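Since the structure comes first, as structure tokens, the remarks are kept for the end.
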Amino acid sequence: MKELAIVENDQVTGQGAWDFGAAAEHSLGDAALKTALLRATGKFDIGRQEIMAELPESELVREKARQIKDDVLAHLDTYLARFADSVAAAGGTVHWATTTDEANSIIAQIARERGVKRIVKSKSMVSEETHLNKSLLSEGFQVIETDLGEYILQIADDRPSHIVVPVVHKTKEQITDLFNRAFNKKLSPVPEELTAVARERLREEFCRADMGITGANFAAADTGTIVQVTNEGNGRLSTTWPPVHVVLMGIEKLIPRLADVPVFLKLLARSATGQPLTVYTNLITGPRGHSEGDGAHELHVVLVDNGRTAALESRYREVLRCIRCGACLNTCPVYQTVGGHAYGGVYPGPI
């Protein structure tokens, strides 16, 4: 991807310098970007408004979710310890990472010790935060993104510009040109046709993978259950087909009880894409049991701090309640005009 000649800001550490004005001006001159953003964000924002209106108790549900997250943040050390014990009781292993480098190092060590060569990844914003792909590739591992949007960005040597729809800044016409060049095809800008090509190529990657890496939307402290919601089957394939499953998640993703999950499921898809529920909701508790026919043989959960405990004591504490729905991006007139890359960090500004 052609980068602006501006030093990228690390939004977690606050180091570096980013000229938002210059980046925004650059984006304003991109007609294709404007087309792509208006197509997607407008659709999602209208869908959110319509489906929330169909949920009479939506404000009560939001308040309940806020109370649950505030409880977690007020007793984070207790819930983290409980979660680690629950994961261990279910047969998994928890790893603690204070920094992004520690997180990447832990994952690389797990892979080396198990002779891993090929890794498939489901969408994970935390892995973007740690620059995990770059780290693993530098150590000789082959890493393939399997979320359709992330797969497109990997081919394009680009990065996400949206929390939920990572490739929102590209039009279907641009993606068609990219696929035609990368795969020597003569495709038309028809989403189903483009998806079919990606699906065919990715299926082979799942078959050959030694490790699957995913994020987590939520994690229940009482059972050690990882909750992953997605509209693509790649999430389920990444967690069940490879023999080793690694979950990379921020420590703020905890919720106290598995029984709390429905509260957040009522909000997440409705706020993100205007759906009542995503196509797949995966609940993963430990590795494959002796009597189970699928699932990874090993489950590792890497819990990442990277400034989050510091944020607890700052004026930014509230941001740790975020469930990564992306609704703030879809409704923000600035984001709708300049896109996510203009903000210079992993998590765009409207949050």
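The values are calculated or read from the model by the stated rules, or taken from the named source; none is laboratory data. What you see is a predicted model, and the numbers here were worked out from it, not measured in a lab. Please note: Cβ atoms are built from the backbone with ideal geometry, for glycine as well, and neighbour counts cover all protein chains shown. When the accessible area is computed, the model is the full protein with side chains, heavy atoms only, and any ligands, DNA or RNA have been set aside. Shrake-Rupley method; radii C 1.70, N 1.55, O 1.52, S 1.80 Å.
Go through the range 53-67 residue by residue and tally those that are open to solvent by 20 Å² or more (accessible area, probe 1.4 Å) and in a helix (DSSP H, G or I). Explain how you work it out, then say what you get.
Filtering the range 53-67 down to residues open to solvent by 20 Å² or more (accessible area, probe 1.4 Å) leaves 53-54, 56-57, 59-60, 62-64, 66-67.
Narrowing the set further to residues that are in a helix (DSSP H, G or I) leaves 53, 59-60, 62-64, 66-67.
Of the residues in the range 53-67, 8 are open to solvent by 20 Å² or more (accessible area, probe 1.4 Å) and in a helix (DSSP H, G or I).
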Task: Hits in the range 270-281 - residues which are hydrophobic (A, V, I, L, M, F, W, C) and over 13 Å from Asn330 (Cβ atoms) - done: Leu277, Val279
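Can you pull out every residue in the range 113-134 that is free of Cβ contacts under 8 Å to residues at least 40 places away in the same chain and more than 13 Å from Val246 (Cβ to Cβ)? Talk me through it step by step, then tell me what you get.
Looking only at the range 113-134, we keep the residues that are free of Cβ contacts under 8 Å to residues at least 40 places away in the same chain, and these are 113, 131, 133-134.
If the condition is that a residue be free of Cβ contacts under 8 Å to residues at least 40 places away in the same chain and more than 13 Å from Val246 (Cβ to Cβ), then His131, Asn133, Lys134 are the ones that fit.
I'm checking my understanding of the structure. Among residues of the range 84-140 that are in a helix (DSSP H, G or I) and among the basic types (Lys, Arg), which one is farthest from Arg288 (Cα to Cα)? Lay out the reasoning, then the answer.
Step one: of the range 84-140, the residues in a helix (DSSP H, G or I) are 84-89, 100-113, 125-130, 132-138.
Retained after the next criterion (residues that are among the basic types (Lys, Arg)): 112, 134.
On the way: Arg112: 21, Lys134: 30 Å.
So, considering only residues that are in a helix (DSSP H, G or I) and among the basic types (Lys, Arg), the one farthest from Arg288 (Cα to Cα) is Lys134.
Only one of these is over 28 Å from His131 (Cα atoms) and not aliphatic (A, V, I, L, M): Thr239, Thr230, Thr223. Name it. Explain how you work it out, then say what you get.
Numbers: Thr239 fails: over 28 Å from His131 (Cα atoms); Thr230 fails: over 28 Å from His131 (Cα atoms).
From the options Thr239, Thr230, Thr223, the qualifying one is Thr223.
Here's the yes/no breakdown for (1) over 28 Å from Gly295 (Cβ atoms); (2) touching a strand residue (DSSP E or B) at 6+ places or on another chain (Cβ under 9 Å); (3) assigned to a helix (DSSP H, G or I); (4) open to solvent by less than 10 Å² (accessible area, probe 1.4 Å):
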| residue | (1), (2), (3), (4) |
| --- | --- |
| Val143 | no, yes, no, yes |
| Ser161 | yes, no, no, yes |
| Val164 | no, no, no, no |
| Gly212 | no, yes, no, yes |
| Ala219 | no, yes, no, yes |
TODO: Being under 12 Å from the mean Cα position of the chain (by Cα) and open to solvent by 20 Å² or more (accessible area, probe 1.4 Å) is the filter here, so list the residues in the range 126-141 that pass it.
DONE: Glu128
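Please go through the range 149-159 and pick out each residue that is in contact with a Leu (Cβ under 9 Å, 6 or more places away or on another chain) and either surrounded by 21 or more Cβ atoms within 10 Å (Cβ to Cβ) or more than 16 Å from Met125 (Cβ to Cβ) (or both). Working first, answer last.
The first filter runs over the range 149-159 and keeps only residues in contact with a Leu (Cβ under 9 Å, 6 or more places away or on another chain), leaving 151-152, 155-156, 159.
Within the range 149-159, Tyr151, Ile152, Ile155, Ala156 qualify.
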TODO: Identify the single condition in (1) within 30 Å of Arg118 (Cα to Cα); (2) within 20 Å of the chain's Cα centre (by Cα); (3) modelled with pLDDT of 95 or more that Phe264 does not satisfy, given that it satisfies every other one.
DONE: (1)
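When you check Leu194 against the structure, is it under 22 Å from Ala111 (Cα atoms), part of a helix (DSSP H, G or I), in contact with a helix residue (DSSP H, G or I) (Cβ under 8 Å, 6 or more places away or on another chain) and open to solvent by 10 Å² or more (accessible area, probe 1.4 Å), yes or no? Lay out the reasoning, then the answer.
Values: under 22 Å from Ala111 (Cα atoms): no; part of a helix (DSSP H, G or I): yes; in contact with a helix residue (DSSP H, G or I) (Cβ under 8 Å, 6 or more places away or on another chain): yes; open to solvent by 10 Å² or more (accessible area, probe 1.4 Å): yes.
It is false that Leu194 is under 22 Å from Ala111 (Cα atoms), part of a helix (DSSP H, G or I), in contact with a helix residue (DSSP H, G or I) (Cβ under 8 Å, 6 or more places away or on another chain) and open to solvent by 10 Å² or more (accessible area, probe 1.4 Å).
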Task: Of the criteria (1) touching a Lys or Arg at 6+ places or on another chain (Cβ under 9 Å); (2) open to solvent by 40 Å² or more (accessible area, probe 1.4 Å); (3) assigned to a helix (DSSP H, G or I), which one Ala259 fails - done: (1)
- [ ] For Gly295, work out the one condition from (1) small (Gly, Ala, Ser); (2) within 18 Å of Ala216 (Cβ to Cβ); (3) crowded, with 22+ Cβ neighbours inside 10 Å it doesn't fulfil.
- [x] (3)
Open item on the list: Looking at the range 281-288, can you tell me whether even one residue there is of a type in the set (A, V, I, L, M, F, W, C), farther than 29 Å from Ala31 by Cα, open to solvent by 30 Å² or more (accessible area, probe 1.4 Å) and out of contact with any strand residue (DSSP E or B) (no Cβ under 6 Å at 6 or more places or on another chain)?
Closed with: no
